[in-house]
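Undergrad: Starting off with a structure, shown below.
The values are calculated or read from the model by the stated rules, or taken from the named source; none is laboratory data. None of the values given here were measured: they were computed from a predicted structure. Cβ placement follows ideal geometry from the backbone for every residue including glycine, while neighbour counts extend to all protein chains displayed.
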Amino acid sequence: MIDPQDLAAARQELGARLAVLREAAGYTQKTLAPKVFCSRSTVANIETGHHPGTRDFWTLCDQELHADGVLVAGYDEYQALVAAQRQEAVAKAKRPLTRRGLTVPGSDGLTDDDWDRLLTVVRDPRRADAQVIGNLTTMLNSLRHTEDLIGAGPLVAPVRAQLDLTENIGKHAKEPVRKQLLNLAAEQAELLGWMLSDVGEPGKANAAYDQAMEWAQRAGNHNMIASILSLKSHLAWASGNGLAVIDLACAATREPQKITPGVMALALQQEARGHAMVGTADLVDARLDEAIEATAAARQHAEDEPPWIYFASLERLVGQRAIAYTEINRAEEAVDLLTQAIAALPAGLRRDRGRYLAQQALAHGVVGNVPEAFGTARAAAAIAVETGSGHALRTLRQLRRRYDGSKHPAIAEFDAYVREYLGGQGRSA
């Protein structure tokens, strides 16, 4: 198995090779950067292995440093390693475990005894117990973490399969198991909504959130209720409705004593985005600072947080601040913050890397740095299509609309690349 450490080592080795060739050619990072159409910080991040760069970057470096194709070959070897790691993750995510005609993907952690018990309960839901709920939870957690690696696209159907199974068992289960299954179904529907949102199906996502909300309310799960309101706020952000973003985020925090700090932080960062959209810039940093405090408190008592808050971190809030800053004429700061956020991402989180790159491309575009904007956008577009991320593609469309009518060569190259790449993937731009 190829792990993130292997990818990090490969990036560091390639970056070190660039540094040696650059110094031998008499360049500093600052003097090389304009020759390859990027910033000094980009060269620095690539040389230290924090960012892999793009093939265009390595081609230009090869030419400028007279490296005879060595750097491009090294980059291609790294991309082959990335592709192999992703193929392993996809194979694991799609591998169905079938017992007597029942297929529920995402359940590699189940033993034969677990499957026998689960199949017994499928035939007779009244026999559901805590162990079966634990098995279903194992399946859900498997899909959560796999989605982080490969994106939502391949996993919508497996999550639906798990939700259908939980619903079927819950219709006939006895108390207290029935209420526990309501909580589990709410978690599954919440994840399904998030995935549908990410692949560009906001209507279906909202319907999944509505179903999750009903189950969460019936179960009295205040953390899930608040989390769904935050995710509905995110849908409103994606549709451009800033006031709804704020209203839904505030609704999530209306009873703070009933939710954990991690859930509170999720709502606060959404509220900050809303304030950025409607122009109340003074409240953006205030809410994000509160989100940092809540996240720090959550980390001190991580065992008290609900399982779907596992991704929350202070590092991710750097990216959230950058998204808000792009909206309030602080795009130069957003570029630098996103460089930090991308560098801090684990190598395997391709979906998030693509989303951050798309946001960084937009921030460059807001500043007016066209070559950097559309060079970064090319890398983001490739990952967005690979992971099926509708959020990243939406951000890239926003960047492209900003420059409608421009004849800048970098934009023409981006357009040609998108047509060729997306056409090859069977997708429309």
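Undergrad: Would you say ARG351 is under 15 Å from the mean Cα position of the chain (by Cα) and closer than 30 Å to ILE2 by Cα? Break it down stepwise before answering.
TA: Working: under 15 Å from the mean Cα position of the chain (by Cα): yes; closer than 30 Å to ILE2 by Cα: yes.
The answer is yes for ARG351.
Undergrad: For the range 246-265, enumerate the residues that are touching a His at 6+ places or on another chain (Cβ under 8 Å) and in a helix (DSSP H, G or I).
TA: Residues satisfying the conditions are ILE246, LYS258, PRO261.
Undergrad: So ASP124 clears everything in (1) touching a helix residue (DSSP H, G or I) at 6+ places or on another chain (Cβ under 6 Å); (2) over 30 Å from GLN85 (Cβ atoms) except one condition, right? Which one?
TA: (1)
Undergrad: Also, I was wondering about something else. Looking at (1) part of a helix (DSSP H, G or I); (2) in contact with a Leu (Cβ under 8 Å, 6 or more places away or on another chain), which one does TYR27 not meet, given that it meets all the others?
TA: (1)
Undergrad: Here's another thing I want to ask about it. Exactly one condition in (1) in contact with a Lys or Arg (Cβ under 9 Å, 6 or more places away or on another chain); (2) surrounded by fewer than 20 Cβ atoms within 10 Å (Cβ to Cβ); (3) under 30 Å from MET195 (Cα atoms); (4) modelled with pLDDT of 90 or more is false for LEU81; which is it?
TA: The number of the failed condition is (1).
Undergrad: With the requirement that a residue be surrounded by 23 or more Cβ atoms within 10 Å (Cβ to Cβ) and touching a Pro at 6+ places or on another chain (Cβ under 8 Å), what does the range 224-259 give you?
TA: MET224, SER227
Conditions tested, residue by residue: (1) in a loop (DSSP other than H, G, I, E, B); (2) surrounded by 21 or more Cβ atoms within 10 Å (Cβ to Cβ); (3) of a type in the set (S, T, N, Q); (4) in the same structural domain as ASP164 (by TED's automatic domain parsing).
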residue: ALA185; (1), (2), (3), (4): no, yes, no, yes
residue: ALA189; (1), (2), (3), (4): no, yes, no, yes
residue: GLY193; (1), (2), (3), (4): no, yes, no, yes
residue: ALA205; (1), (2), (3), (4): no, yes, no, yes
residue: ALA208; (1), (2), (3), (4): no, yes, no, yes
residue: GLN211; (1), (2), (3), (4): no, no, yes, yes
residue: GLU214; (1), (2), (3), (4): no, no, no, yes
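Undergrad: Residue check: is PRO154 in a helix (DSSP H, G or I) and touching a Gly at 6+ places or on another chain (Cβ under 6 Å)? Break it down into steps so the answer makes sense when it comes.
TA: Values: in a helix (DSSP H, G or I): yes; touching a Gly at 6+ places or on another chain (Cβ under 6 Å): no.
No, not satisfied.
Undergrad: Please identify the pairs in which a residue from the range 285-307 that is assigned by TED's automatic domain parsing to the domain that holds CYS250 and crowded, with 22+ Cβ neighbours inside 10 Å has its Cβ atom under 6 Å from the Cβ atom of a residue that is hydroxyl-bearing (Ser, Thr, Tyr) and outside any loop (DSSP other than H, G, I, E, B), counting only partners at least 6 apart or on another chain.
TA: Pairs that qualify, where the first residue is assigned by TED's automatic domain parsing to the domain that holds CYS250 and crowded, with 22+ Cβ neighbours inside 10 Å and the partner is hydroxyl-bearing (Ser, Thr, Tyr) and outside any loop (DSSP other than H, G, I, E, B): there are none.
Undergrad: So, one more: If I filter the range 39-61 for residues that are under 30 Å from PRO158 (Cβ atoms), assigned to a helix (DSSP H, G or I) and under 29 Å from the mean Cα position of the chain (by Cα), do I get at least one hit?
TA: Applying the first criterion (under 30 Å from PRO158 (Cβ atoms)) to the range 39-61 yields 52.
Subset that is assigned to a helix (DSSP H, G or I): none.
The answer is no; no qualifying residue exists.
Undergrad: Right, something else. Quick one: which residue in THR54, THR48, THR31 is among the β-branched types (Val, Ile, Thr) and in contact with a Lys or Arg (Cβ under 8 Å, 6 or more places away or on another chain)?
TA: Working: THR48 fails: in contact with a Lys or Arg (Cβ under 8 Å, 6 or more places away or on another chain); THR31 fails: in contact with a Lys or Arg (Cβ under 8 Å, 6 or more places away or on another chain).
Just a single option satisfies the conditions, and that option is THR54.
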